[in-house]
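What follows draws every value from the coordinates through simple rules; no lab data is involved. For clarity, every value in this text was computed on a predicted model and none was experimentally measured. All Cβ positions, even for glycine, are placed from backbone atoms using ideal geometry, and neighbour counts span all protein chains on display.
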Amino acid sequence: MSSTGSGPGLRVAVVGAGIGGLATAAALKKWGVRCDVYEQAEHLREVGAGLQLAPNASAVLYRLGLAEPLRRVAVRPAAVEMRRWDTGTLLGRTELGAACEERYAAPYLTVHRADLHRILATACPEGSLHLAMRCAEVVEHDEEVRLHFADGSERRADVVIGADGIHSTVRAGLATDSPRYSGTMVYRGLAPADRLPRHRDDPRVRLWLGPGQHCVIYPVSEGDKVNVVATVPGRERTQESWTARGDVADVRAAYAGWHAEVREVLLALDEVSLWVLHDRDPLPSWTLGRRTVLGDAAHPMLPFLAQGANQAIEDAAALAACLGPVTCPDDVPAALTKYEAVRRDRTDTVHAGARRNNGMLHLPDGPEQRRRDAELATATDLSNQDWLYGHDAFTV
Ligand SMILES: Cc1cc2nc3c(=O)[nH]c(=O)nc-3n(C[C@H](O)[C@H](O)[C@H](O)COP(=O)(O)OP(=O)(O)OC[C@H]3O[C@@H](n4cnc5c(N)ncnc54)[C@H](O)[C@@H]3O)c2cc1C
């Protein structure tokens, strides 16, 4: 049996080395707090897909000193545009690019998830990542918390942070709820940009909205790849998975009647993965004694605001700011309570917005869709996003 951490200071254990867990380790390091991150996978890896990184999260990463490596791999789209599924009529365009940096002092970026994951891993303290360590149970004792792993080993810590995703083991100690089926699935794929030069040479986040489904397209990997997320109505409720393969013929068939630009992008894909989308209802409480959760373990949300990972990064910044000044294990529960208090309303609002968009982005043609389109045409000023992009997660 051994303890998490070495030397003086709190013994901090993070379960899960996804974007949220790694961002937490990197943010704690900024406060001079060393933690141990336990990851079930045998190798550090991320899904082969893209991610939109909004200024509310890129600002955190910049303050962690990651601006330079991010700039090297990310794409800075000029705008986000929404178009009608059949005619291609522009419904709304919001400037990003320089406008975003001027307004929020941080950029809107699109990245390959594996690039972001690698950058975060290099920002973690040396020796803090422990692979092939699947946490099976977390048990709180009077003075400490014990983590039991699937290989029979045990670690002791003063505080345990569950960053272990939608099927979180740490969350299981806080609630008995189940993931909630959204009625939608997504196909995700990456196309070589030389097949779609328009997307590389004129980078934008392009959304196409139609009845029952929508498609999001943007470049990643320094512009070498084009990321596609094509939503379709769900067929089955199967547990959402990180690895299910989809069939490119199915997604092309689902978008058969759509604008030629969308069909061209789907034709450029060699393979796609398929995700049945779930979220969960907000937890009554994220924190119990010396345990808490963050990212998808705390508030798994639908991807329809492109904010799940962004919120995990915000959580990491806020948690580090609450835990950073703590030196005595007895003060841990109060610090975790403060973390939850500063994050809850924020993540509840974003979570609800993502659920609302599940309907809003998929309206059938008719009066409601026309009302939505009229709103999209008038709400194009970046200031409409201040509530989301202008948030400073370090200020607790
Ligand atoms: C189609 C789609 C598009 C998306 N697009 C965006 C976007 O553009 N922008 C955005 O911000 N978000 C987006 N998201 C959401 C985003 O992917 C998630 O919110 C984010 O990955 C959550 O990160 P996390 O670290 O909290 O959890 P995860 O990424 O799920 O990481 C959890 C980690 O914990 C490990 N783990 C799990 N259980 C255990 C255990 N018992 N012991 C040890 N380790 C364990 C896992 O192996 C994994 O490494 C999208 C999601 C989808 C499905």
Geometric extent, Cα atoms of region 214-336 - Rg, Dmax (angstrom): 19.8, 62
Under Karplus coefficients 6.51, -1.76 and 1.60, residue-wise ³J(HN,Hα) of region 66-72 in Hz, glycine/proline x: 9, 4, 5, x, 5, 4, 5
Convex hull per residue volume in Å³, alpha carbons only, for region 128-268: 167 Å³
Size descriptor, Kirkwood hydrodynamic radius, that averages inverse alpha-carbon separations across region 313-370, Å: 14.0 Å
Order of PHE149, PHE304, PHE394 - criterion: other Cβ atoms within 10 Å of each residue's Cβ, fewest first: PHE394, PHE149, PHE304
Inverse mean reciprocal Cα-Cα distance (Kirkwood Rh) of region 1-134, Å: 16.6 Å
Area projected by the alpha carbon convex hull of the chain, averaged over all directions, nm²: 18.3 nm²
Anisotropy class of region 288-396 from Cα gyration tensor, a/c 1.5 cut: prolate
Scaled radius of gyration (Cα, divided by 2.2 N^0.38 Å) that region 68-171 gives: 1.67
Kirkwood Rh and Cα Rg combined as Rg/Rh, region 79-132: 1.24
Share, in percent, of DSSP beta bridges within the chain that are antiparallel, nearest 5: 70 percent
Order by protection proxy (mean Cβ within 10 Å, highest first), peptides 110-122, 86-98: 110-122, 86-98
Partners for LYS30 among aspartates and glutamates (Cα-Cα distance below 18 Å; same-chain residues under 8 apart left out): GLU68, GLU126, GLU314, ASP315, ASP392
Calculated P(r) tail over 22 Å for region 1-80, as whole % of Cα pairs: 38 percent
Kirkwood Rh and Cα Rg combined as Rg/Rh, region 143-183: 1.07
Spherically averaged projected area of region 238-309 from its Cα convex hull (nm²): 6.9 nm²
Net charge over other residues, Cβ less than 13 angstrom from the Cβ of GLY20 (K, R count +1; D, E count -1): -3
Charged-residue dipole, Cβ positions (Lys, Arg, Asp, Glu), the chain about Cα centre, Debye nearest 20: 460 debye
Within region 37-160, percent of DSSP bridges classed antiparallel, to nearest 5: 90 percent
Table column - 3J(HN,Hα) (Hz), region 163-170, Karplus curve with 6.51, -1.76, 1.60, x for Gly and Pro: 10, 9, x, 4, 9, 3, 6, 5
